[in-house]
Every structure is written in C-alpha cells, then in structure tokens.
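Data first, discussion second: the structure below is written as structure tokens.
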Amino acid sequence: KRHGHTMHFWADVILQHPELLPEIPRDVVALIWDYEADAPFHRDCGKLAKAGIPFYVCPGTSSWNNLVGRTDNCLANLRLAALCGLKHGAIGYLNTDWGDNGHLQYLPISYLGFAAGAALSWCREANRSETFIEALNTHVFRDQAGLMGGLAFNLGNTYLHDGWITHNGSPEFLLLYGAADHDVFQMVPEPNLRRVENHIHRELKSLRAARMDRPDADLIKAEFANNARMALFGCQRGGAIISGKNKEAKTRRALAAQMRAIIKEHRRLWLARNREGGLRESMSVLERNCSGG
C-alpha cells in the first residue's frame, strides 16, 4: 500500500479454510483459478462474493502439460469463468498460460486460448458459441488459405482421440514424459494410438498448405510441426511399451534417433523466441525417455 499497489493473491488456499475469510483485508484481490472444463467457479466465486472480497476469475489456455493443446477443455474453461465471473460480480478476468514440466509447447499453441479469452472476457454473450476458427485465420494467423484456424482447433483436440481423458494434461504428453509404469500405458489401448497418429497426420496436411501473411509464418509452421512430432513420438513410445518392443535394441535405436531430431529442432525453436534460460531443463524432459524406456 505504501507504494500505491494493490496485492493480488491466489485464492485456492483460503477457499479451503472459509472460516478465515473474515480475516482477509477488503483492499486485496483474490484470484480464483482452475483450468478444467468443470472448474468449480460457481461455488468459489459465490464464497468470495458473499464474504465481500473482490476477486478475479482465472481460467487458462490449457496448452501446458500437453503438446498440441486441449481445445474443447480450453474453451469450456474460459466460457465457464466468464459466466460465473459475470454472475457473481468478479472485477477481472485473468487468462493464464503456464509451462509445467519443461514448457514443451510453443507460443502459437496458445493463440486459440489467448484469442478466446480476450473475446469471452470482453463480451461473453456475443462469443458464447464461437469456435474462433475464422477469427484466428483472419486476425491471428492471417492465413490466406483459411486453414490455420481449423488446424489449431483440430490439432488441439487430439487428446479426445485417445479414449482416456486425464486431468491438467493430455495422454500424448504422458506417453512422452511418463515412466514406463505410468497408468497411461494401461489406460490408452494401442489401437487408439494409431487413431491419434492418423489424426495428427491429417491435420499436418493443412499446415503444409497454409499461406500466412506474417513475418514469422515459417517459424509458426515449424513450431506446430515439432510439437506434432513430439505427440507422434509419444504414440510410438507408448506402442513400444505396451507391446514390449521397447526392450528390443532396434526399436530403442529408432526411437532415440527420432528424439535426437526433435531435441535439435526444439533448441532452435526455443531460441527463436525466448531467452536461453530454461532450455536445458526443457531439453532434459525430452532426453529422459528418448530411447523409449
């Protein structure tokens, strides 16, 4: 207060102890966060509104802990935050974008969530049923072929093809990141992995045909392509573990070669937009299971 600032704080802990809400000063702002389609925004906003504590709703882009996005979850989460925020008198809407476990997703994976969050927080009613595909084509990707908006939307729904929905992430990320005894290898059948691979390959055809009027058009294509390669690697590693072929030297060599190419490109793409800080940690996430084990 001495410096003329207002403190904002994440509200998850105080919401677990509602008996302490009367002790919270009324000149701070609580940040109610949750990133799932069924987030309890209605319940939590109601608690803080009743206590007279000003608050923001804080949904997210759903781009972290996965590789190509979670479109349906993202849009449901953003819409729900806007609905509950309006109903209970939120004073702000903070759209969040995180980088858990190596920040493997590149910036354009979050563009759909950024655009949707901006539209829904500004005017929920006009955008409540919007897919944002055309807006992405016109205003974000500037794609004269009209393909990138649909690519971002559909590639972001890759997680729906696995047959298993996980919290705060996607099966493809867990197939890439998880230890060989992770539940994901029991929950996603091998035929579903082939379905995911086919879906990704279909969407990549649109990527090749896109004609973006942006100075970073080639970079965006490379970013989507390498994130797709990571997801495909997750499927291939998953299939190898499920079938037991990950114990074969030939399979391990093939997976290691694929991952070395992904890591080399990841380094190039990371440095194209970001400082070097964090790159070593990010690459280590890819290196840990590069041979399929």
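Any idea which of Ala240, His42, Leu31 is furthest toward the positive side of the dipole for the chain, if Lys and Arg beta-carbons carry +1 and Asp and Glu beta-carbons -1?
Of the listed residues, the answer is Ala240.
Using just the helices of the chain, give the 222 nm mean residue ellipticity in deg cm²/dmol: DSSP H runs with n ≥ 4 each add -39,500 (n - 2.57), and the total is spread over all residues, rounded to 500.
Theoretical 222 nm ellipticity from helices: -16000 deg cm²/dmol.
Enter the accessible area of Val28 (Å², nearest 10), with the probe set to 1.4 Å and all protein chains included.
10
With just the Cα atoms defining each centre, how far is the stretch 1-66 from the stretch 111-142? Give it in Å.
25
Is there a quick way to get the dipole size of the stretch 112-166? I mean about its Cα centre, with the Cβ of Lys and Arg at +1 and of Asp and Glu at -1; what is the value in debye to the nearest 20?
Taking the Cα centre of the stretch 112-166 as origin, the dipole is about 100 debye.
Give the aspartates and glutamates whose C-alpha is closer than 13 Å to that of Lys47, dropping any in the same chain fewer than 8 places away, or say none.
Asp12, Glu19
Taking amide H positions as placed 1.01 Å from N in the peptide plane, with prolines and chain starts having none, which residues 5 or more places from Leu31, or on another chain, fall under 5 Å of its amide H?
Counting only residues 5 or more places away or on other chains, the set is Phe9, Trp10, Ala11, Tyr56.
Using the Cα centre as the reference, give the magnitude of the dipole from point charges on the C-beta atoms of the chain (Lys, Arg: +1; Asp, Glu: -1; all else neutral), rounded to the nearest 20 debye.
Charge dipole, the chain, about its Cα centre: 800 debye, nearest 20.
Any idea of the accessible area per residue across the stretch 145-292, 1.4 Å probe, to the nearest Å²?
Computed with neighbouring chains in place, this is 47 Å² per residue.
Measure off, as a whole percent, the carbon and sulfur share of the 1.4 Å-probe accessible area of the chain, all protein chains present.
54
Residue farthest toward the positive end of the dipole of the chain, with Cβ of Lys/Arg at +1 and Asp/Glu at -1: which of Asn66, Phe114, Ala225?
Ala225
Taking each pair of different alpha-carbon atoms in the stretch 202-293 once, compute 1/r for the pair, average those values, and report the inverse of that mean as the Kirkwood hydrodynamic radius in Å to one decimal.
Answer for the stretch 202-293: a Kirkwood hydrodynamic radius of 14.5 Å.
Step through the residues of the stretch 202-217 one at a time and calculate ³J(HN,Hα) from phi using the Karplus curve (6.51 cos²θ - 1.76 cosθ + 1.60, θ = phi - 60°), rounding each to whole Hz and writing x for Gly and Pro.
4, 5, 5, 4, 5, 4, 5, 8, 5, 10, 7, 8, 9, x, 9, 4
Can you spot the lysines whose alpha carbon is less than 28 Å from Lys247's alpha carbon? Ignore those fewer than 8 places along the same chain.
Partners within reach: Lys264.
Roughly how many Å² is the accessible area per residue of the stretch 2-78, as a whole number, for a 1.4 Å probe?
Solvent-accessible surface per residue comes out at 46 Å².
Can you compute 3J(HN,Hα) from phi for each residue in the stretch 19-26, using the Karplus curve 6.51 cos²θ - 1.76 cosθ + 1.60 with θ = phi - 60°, rounded to whole Hz and x for Gly and Pro?
5, 8, 4, x, 7, 6, x, 8
Suppose every K and R has +1 on its Cβ and every D and E has -1 on its Cβ; what is the size of the dipole of the stretch 1-160 about the Cα centre, in Debye to the nearest 20?
Value, rounded to 20: 420 debye.
Check Thr96: other-chain or 5+ apart residues with amide H under 5 Å from its amide H, H built from backbone geometry?
Gly60, Thr61
What label, among (i) 31, 27, 16; (ii) 36, 23, 18; (iii) 42, 21, 17, belongs to semi-axes √(5λ) of the Cα gyration tensor in Å computed from the structure on display?
(ii)
Apply the Karplus parameterisation 6.51 cos²θ - 1.76 cosθ + 1.60, with θ equal to phi minus 60°, to every residue of the stretch 76-89 and state each ³J(HN,Hα) to the nearest whole Hz, in sequence, with x for glycine and proline.
5, 5, 5, 5, 5, 4, 5, 4, 6, x, 5, 5, 9, x
Can you give the relative contact order of the chain as a percent, counting alpha carbon pairs under 8 Å and 6+ residues apart?
Reported as a whole number, the value is 16 percent.
Positive end of the charge dipole of the stretch 94-216 (Lys, Arg +1 and Asp, Glu -1 on Cβ, about the Cα centre): tell me which of Gly146, Leu174, Phe132 has its Cα farthest that way.
Farthest towards the positive end: Gly146.
The values are calculated or read from the model by the stated rules, or taken from the named source; none is laboratory data. All of these numbers come straight from a predicted model, not from anything done at the bench. As a convention, Cβ positions derive from the backbone with ideal geometry for all residues, glycine included, and neighbour counts pool all protein chains shown. Ligands, DNA and RNA are stripped out before the accessible areas are found, and what is left, the full protein with its side chains, is counted by its heavy atoms. Shrake-Rupley method; radii C 1.70, N 1.55, O 1.52, S 1.80 Å.
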